[in-house]
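In what follows, a single structure is set out as structure tokens and then discussed.
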Amino acid sequence: MNTTWLRQWSRRAADWGADYLASVRERPVRAQTKPGDIAKQIASSPPEAAEPMDAIFADFEKIVVPGITHWQHPRFFAYFPANSSPPSLVAEYLTAAMGAQGMLWQTSPAATELETVVTQWLRQMIGLPEGFHGVIQDTASTATFAAILTGREKALGFAGNTKGLAGQAPVRVYASDQVHSSIDKACWMAGIGQENLVKVPTQGPHLAMDAGALETAIVADRASGMLPAVIVAALGGTSVGASDDIRAVAAVARKHGLHLHVDAAWAGSAMICPELRHWMAGAELADSFVFNPHKWLMTSFDCSVLFLRDPEALVRTLGIRPSYLATHGKDGILNYSEWSPQLGRRFRALKLWFVIRAYGVEGLRRIIRNHITMAEDFARRIAAEPGFEIVTPPMLSLFTFRLVRPGLDAAGLDAQNQRLLDAVNDDGRTYLTPTRHHGKLVIRVQIGQTETTSEDVDVAFQAIRELAGRLQ
Ligand SMILES: *Cc1c(COP(=O)(O)O)cnc(C)c1O
């Protein structure tokens, strides 16, 4: 397959991508397929002989695309966004063309140096103070895993990596009962264990961790011979946007010498708007902070940024430096593989650089502010509709609602809301996902797609109203 072949098919792919994005609004948002529908159309063993690209491309369109849930659909209001944008896409193509691997400075100096600069741009954009260093990870799950490993090693005097955890005092991690499951998973993978992840109760309108209960738990654990190590604070929890009072939590972390990690995977992008930064007050006191440009900053999946106040502790935790990787070069160079669990690293900084320059920070702010305004309008319209109630008001661009029907008990209401959700997602005009809030099934709405307009919100609202009206 020569350069002519590549040119021809790259052009075809570029045209396909542009046509796809121009018409994605016409497709049902969630894939309308059943389990196994796609797999049964694919040969169960690989071809021995080469197949023509025409046939491969045709099968992509015929078999794969109908089995895709369209995350770039302007009426994708499920989960959290994983938005993208033309400049991000173009950068991803260029990255793929070079196939660059950025594990060490010398394996792609531009990948390393651009990552250092662009993560400093992001630091400034969200208003974290100087002194925080950034590193790009694939996902927030990986970033949080790295942060928890670092906090574990700090508490153990870096003996965990050498001696293992057997014979050590149990390492304890604290977080609210609203944090993402990636915190639990990180504790499993770090050898800390679910039972040593203490879930602190939440209170108040933002479901913030009770800082008094947090401190009591730390003091009691230490008194019984355990090793309090890490606190994870939530900024924009996945379920309903729960957010801790980071300053209050940071005061406890400082007083007791714990590592404070802030999980702002989704909400972090909105912090580029100065008027929203009250949500992150106190984050400047954290030891680490993660957010995902791949969620809400028009940057294609995957791209998560971990900021650290003291990267030395992270590098001491994750930097192995086997001799065959030794970099011979000038002093002071960074090898980002020492900042991540994995060795090999994609060149993700390029798409950030393209996106930030192509939109400008003000352009990005405008998109995010628009999302928040649209979510507030959407919530207002639902609140005004008989038979509906807003359960949690918009936290940035996320709110939850539910149908309320007189005469139904709790289980009946849950079932009714599940039926509405199924009807909406089978209908295809929009896509919503559920969560549980105080034991009740509620329907989440978030707006964060690059191309969403108020007409899209209107179409989604009409679909919900119409389908709810048809429920018995
Ligand atoms: C999405 C999300 C995560 C996990 O993000 P990944 O990048 O998919 O690992 C973690 N925490 C919060 C609050 C999230 O919203």
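The values are calculated or read from the model by the stated rules, or taken from the named source; none is laboratory data. What you are looking at is a predicted structure, and each value in this text was computed from that prediction instead of being measured. Note: ideal-geometry Cβ built from the backbone for every residue, glycine included; neighbour counts use all protein chains shown. Heads up: the accessible areas ignore ligands, DNA and RNA and are worked out on the full protein's heavy atoms, side chains in. Shrake-Rupley method; radii C 1.70, N 1.55, O 1.52, S 1.80 Å.
Return the residues of the range 260-281 that are open to solvent by 10 Å² or more (accessible area, probe 1.4 Å) and either more than 16 Å from the ligand (Cβ to nearest atom) or more than 17 Å from THR144 (Cβ to Cβ) (or both); say none if nothing qualifies.
PRO274, GLU275, LEU276, ARG277, HIS278, TRP279, ALA281 - these are the residues of the range 260-281 that are open to solvent by 10 Å² or more (accessible area, probe 1.4 Å) and either more than 16 Å from the ligand (Cβ to nearest atom) or more than 17 Å from THR144 (Cβ to Cβ) (or both).
Which one of the conditions (1) under 30 Å from TRP339 (Cα atoms); (2) part of a loop (DSSP other than H, G, I, E, B); (3) not β-branched (Val, Ile, Thr) does LEU94 fail to meet, given that it meets all the rest?
Single failed check for LEU94: (2).
Filter the range 190-226 down to the residues that are in contact with a helix residue (DSSP H, G or I) (Cβ under 8 Å, 6 or more places away or on another chain), over 20 Å from ARG247 (Cα atoms) and surrounded by 16 or more Cβ atoms within 10 Å (Cβ to Cβ) and list them by number.
Matches in the range 190-226: ALA190, ILE192, ASN196, LEU197, MET226.
Quick one: count up the residues across the range 9-47 that are assigned to a helix (DSSP H, G or I) and surrounded by fewer than 12 Cβ atoms within 10 Å (Cβ to Cβ). First the steps, then the outcome.
Start the filter on the range 9-47 by keeping residues that are assigned to a helix (DSSP H, G or I), which leaves 9-26, 39-41.
Among the residues that remain, those that are also surrounded by fewer than 12 Cβ atoms within 10 Å (Cβ to Cβ) are: 11, 15, 19, 22-23, 26, 39-40.
The total comes to 8.
Run down GLU130, GLU153 and say which single residue is more than 16 Å from the ligand (Cβ to nearest atom), part of a helix (DSSP H, G or I) and of a type in the set (Asp, Glu).
Values: GLU130 fails: part of a helix (DSSP H, G or I).
Answer to the check: GLU153.
Which pairs turn up if I take residues in the range 373-390 that are in a strand (DSSP E or B) and look for partners that are of a type in the set (Lys, Arg) with beta carbon separation below 9 Å, at least 6 apart in sequence or on another chain?
Pairs found: PHE388/ARG402; PHE388/ARG465; GLU389/ARG402; ILE390/ARG380; ILE390/ARG402.
Given the structure, is ARG429 in contact with a helix residue (DSSP H, G or I) (Cβ under 6 Å, 6 or more places away or on another chain), modelled with pLDDT of 95 or more and either assigned to a loop (DSSP other than H, G, I, E, B) or more than 21 Å from ALA267 (Cα to Cα) (or both)?
On the way: in contact with a helix residue (DSSP H, G or I) (Cβ under 6 Å, 6 or more places away or on another chain): yes; modelled with pLDDT of 95 or more: yes; either assigned to a loop (DSSP other than H, G, I, E, B) or more than 21 Å from ALA267 (Cα to Cα) (or both): yes.
So ARG429 passes the test.
Do the conditions hold for THR139, that is, is it within 16 Å of the ligand (Cβ to nearest atom) and under 23 Å from CYS273 (Cα atoms)?
Numbers: within 16 Å of the ligand (Cβ to nearest atom): yes; under 23 Å from CYS273 (Cα atoms): yes.
Spelling it out, THR139 is indeed within 16 Å of the ligand (Cβ to nearest atom) and under 23 Å from CYS273 (Cα atoms).
Can you name the number of the only condition in (1) in contact with an Asp or Glu (Cβ under 6 Å, 6 or more places away or on another chain); (2) modelled with pLDDT under 95 that ASP302 fails?
Unmet condition: (2).
Looking at the range 170-184 only, could you name the residues that are surrounded by fewer than 21 Cβ atoms within 10 Å (Cβ to Cβ) and either in a strand (DSSP E or B) or near the ligand (Cβ under 9 Å from one of its atoms) (or both)?
Kept after step one, since they are surrounded by fewer than 21 Cβ atoms within 10 Å (Cβ to Cβ), are these residues of the range 170-184: 170, 177, 181, 184.
Result: SER181, single match.
In the range 214-228, which residue that is without any contact (Cβ under 8 Å) to a residue 12 or more places away in the chain and not β-branched (Val, Ile, Thr) is nearest to ALA248 (Cα to Cα)?
By that ranking, first place goes to ALA220.
Rundown of residues vs (1) within 15 Å of PHE301 (Cβ to Cβ); (2) among the hydrophobic types (A, V, I, L, M, F, W, C); (3) within 16 Å of the ligand (Cβ to nearest atom), yes/no style:
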position	(1), (2), (3)
PRO52	no, no, no
GLY67	no, no, no
PHE77	no, yes, yes
ALA82	yes, yes, yes
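Condition first: touching a strand residue (DSSP E or B) at 6+ places or on another chain (Cβ under 9 Å) and either within 14 Å of the ligand (Cβ to nearest atom) or not small (Gly, Ala, Ser) (or both). Now tell me which residues in the range 189-204 satisfy that. Before the answer, list the steps.
Initial filter on the range 189-204 (touching a strand residue (DSSP E or B) at 6+ places or on another chain (Cβ under 9 Å)): 190-193, 196-203.
Result: ILE192, ASN196, LEU197, VAL198, LYS199, VAL200, PRO201, THR202, GLN203.
Quick check: is even one residue across the range 399-419 under 27 Å from PRO205 (Cα atoms), among the acidic types (Asp, Glu) and not in a helix (DSSP H, G or I)?
For the range 399-419, residues under 27 Å from PRO205 (Cα atoms), among the acidic types (Asp, Glu) and not in a helix (DSSP H, G or I): present.
Can you confirm whether THR95 is over 24 Å from the mean Cα position of the chain (by Cα), more than 16 Å from the ligand (Cβ to nearest atom), among the hydroxyl-bearing types (Ser, Thr, Tyr) and over 30 Å from SER239 (Cα atoms)?
Details: over 24 Å from the mean Cα position of the chain (by Cα): no; more than 16 Å from the ligand (Cβ to nearest atom): yes; among the hydroxyl-bearing types (Ser, Thr, Tyr): yes; over 30 Å from SER239 (Cα atoms): yes.
Criteria not met by THR95.
Test each condition in (1) open to solvent by 20 Å² or more (accessible area, probe 1.4 Å); (2) within 16 Å of the ligand (Cβ to nearest atom) for SER288 and report the one that comes out false.
For SER288, the exception is condition (1).
Could you check, for the range 343-352, whether at least one of its residues is modelled with pLDDT of 95 or more, among the aromatic types (Phe, Trp, Tyr), out of contact with any Gly (no Cβ under 8 Å at 6 or more places or on another chain) and surrounded by 12 or more Cβ atoms within 10 Å (Cβ to Cβ)?
no
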